[in-house]
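Read through the structure below, which is laid out as structure tokens, and then see the notes.
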Amino acid sequence: MHVLLLFSLYIGMFLLGMLVLRKGLFQLSGDKLKEFLSKVTDAPWKGFLSGTIITGILQSSSAVMVMTVGLVSAGSLTFPQTIGIILGTNIGSTATAEFMSFSLDRIIIPGIVLGTMLLFIPKSLARSLGMAFIGISSIFAAMSGFKMLSSTLTAYPAVNQVLHTMEKNLFLALLIGMVLTALIHSGSATIGIAMSFLMGNQLNVETAIAIMLGSNIGTCITGYMASIGSGKEAAFTAYAHIWLNVIGVLVFFPFIHQLQQASAYLTDAKETQLAHASVLFNAATSIIVLPFSHHYARFILFLHKPRT
């Protein structure tokens, strides 16, 4: 029982690390990013590039989606302008998975010490950098904890049974990825957990990819919750994000094996294969839809605009 409690604590550490990292990075550039986002969206490709870059900077597609919904609700953006941003956030979010695939355990203690020292400097730049260092260190500490506990967790018959069942039923793996991400509001944490089981050889890459696909749907819950009570345009933005990921997952789910093979061609490391698969899936989905952004916006309006 204490192992499950410890695993839950590591999940909390990961989420807290992401929050602290995001807050530090946002304090460095948040207001400028908001202003930039509200101005550079007159063409879908501009929104696409902006969404990709800002999500990569903030290390959170959910944060950018909440920001976008807020700008739409405030009237700074229209719903059609958000399509490019949504497509970009899906690609930008893959930077986190690539980032987590590196083993940087040696920077954990120095990062926390340096970050703590910077917090005591009475300048906003130093404090923001300090939060970013502490956040990054916490993420890698949690990843190290996930890896350490993965073999212990599989000793539990129930956990072992779930892992084996997922390997035989990839749709179950997709559902678990979706539900877990919706519960903890972090696709990155879900992918991080899957990576830890990959590194411990308790999970195969195809099952981890199915979990990753599910996490892409589960992560939509944050933007949807932010859109509640924020007006019709904001709701359309949330629906566009949901449908993009749902349709993308439905298209790619039958080709998980091919996605795994393409990732394996690029690297032998299983955890990096998962990160690359996330990049390939999200990049392909977004780039395919980008030329049809206006048609996609009309599709969302057709589905969700109230009939009169």
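None of the figures in this text is laboratory data; all of them are computed from the coordinates on show. Just so it is clear, the model here is predicted, and its values are computed rather than measured. A quick note on method: Cβ atoms are made from the backbone with ideal geometry, for glycine too, and the neighbour counts reach across all protein chains shown.
Numbers for the structure displayed
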read-out	value
The chain - mean residue ellipticity at 222 nm from DSSP helices (-39,500 (n - 2.57) per run, n ≥ 4, rounded to 500)	-27500 deg cm²/dmol
Fully extended contour minus Cα-Cα distance, from ALA74 to LEU250, at 0.36 nm per residue	60.0 nm
Label-point separation in nm, GLU98 to THR116, each point 7 Å along Cα→Cβ	3.3 nm
Calculated FRET value between ILE109 and PHE171, using beta carbons and R₀ = 35 Å, to 0.05	0.25
Alpha-carbon Rg/Rh ratio, for the chain, with Rh computed the Kirkwood way	0.98
Residues of the range 114-131 with amide N under 16 Å of the 7 Å Cα→Cβ point at SER144	114-116
Against the rule of thumb 2.2 N^0.38 Å, how large the Cα Rg of the range 94-233 comes out	1.24
Dipole magnitude of the chain, debye to nearest 20 (Cβ charges: Lys/Arg +1, Asp/Glu -1, about Cα centre)	640 debye
Projected-area mean, the range 151-308, by convex hull of Cα positions, square nanometres	10.4 nm²
Fewest-first ranking of LYS23, LYS168, using other Cβ atoms within 10 Å as the exposure measure	LYS168, LYS23
Cβ-derived FRET efficiency at R0 41 Å, ILE287 paired with ASN160, nearest 0.05	0.55
Ordering of 184-197, 245-258, 126-139 by burial proxy (mean other Cβ atoms within 10 Å per residue, highest first)	184-197, 126-139, 245-258
HIS304/GLN258 FRET efficiency (R0 35 Å; Cβ-Cβ; nearest 0.05)	0.60
Entries in LYS23/LYS147; LYS46/LYS232; LYS23/LYS270; LYS23/LYS46 that, when Cα-Cα distance is taken, lie over 28 Å	LYS23/LYS270
